[in-house]
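Scroll down for the structure; my scribbles are underneath it.
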Amino acid sequence: MKIVNGKVKLDANDYRVGNFVFHDEEGHVKMMDIGGALSVRVSKAFAKGRMLDMAVKERSSGFLTNIAATTYNFLCTIPDMEFFKAVNDACIACVNRHKDIYGLKDDITAEEDAEILKEEMELHDASDEVAEKVKEGEDKEKDAENG
């Protein structure tokens, strides 16, 4: 986006919604206001970044207008602890409404949870063992060089 003679000129990867421009960058989606006061980049590695990427490509102006307005309002608010709690509660409720987007499972039993935890701990322990063996090998190499 450029402003030339008071007019906004969009790049090929730009999409304007009101006073905001969304720019599709390699690996990120950038939202900026045309006045230059606000610029936010979101990685496409996040679910939100992938959703923004899809909305920009599909020219989903309603969704992007809501994203721009909410982001702007959020950044212009001086928060207190009640605000933080309300935002965190709203985020948790949203994630729980859309578990499929986040890859969360509803019907996991205590036994399945225990099995997953056990597997993760075994992987962690195995990686610790490998790291220790690599360190021992490096120490032996240093001893041989110095010895």
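Computed quantities for the displayed model
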read-out	value
Scope segment 94-128; condition surrounded by 10 or more Cβ atoms within 10 Å (Cβ to Cβ) and within 23 Å of LEU52 (Cβ to Cβ); matching residues	CYS94, VAL95, ASN96, HIS98, LYS99, ILE101, TYR102, LEU104
Total residues in segment 1-36, condition part of a loop (DSSP other than H, G, I, E, B) and either acidic (Asp, Glu) or touching a helix residue (DSSP H, G or I) at 6+ places or on another chain (Cβ under 7 Å) (or both)	3
Extreme residue, nearest to ILE67 (Cα to Cα), among residues of segment 1-53 that are touching an Asp or Glu at 6+ places or on another chain (Cβ under 7 Å) and of a type in the set (S, T, N, Q)	ASN19
Selected residue (criterion: modelled with the highest pLDDT) from residues of segment 23-46 that are under 18 Å from ILE3 (Cα atoms) and surrounded by fewer than 16 Cβ atoms within 10 Å (Cβ to Cβ)	SER39
Elements of type helices (runs of 4 or more DSSP H) contained in segment 57-147, each with 2 or more residues being farther than 22 Å from LYS44 by Cα, within 29 Å of the chain's Cα centre (by Cα) and at pLDDT 80 or above	61-76, 81-97, 110-146
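The values are calculated or read from the model by the stated rules, or taken from the named source; none is laboratory data. A quick note: this is a predicted structure, and the numbers were derived from the prediction, not measured. Here Cβ is always computed from backbone atoms with ideal geometry, including for glycine, and neighbour counts include all displayed protein chains.
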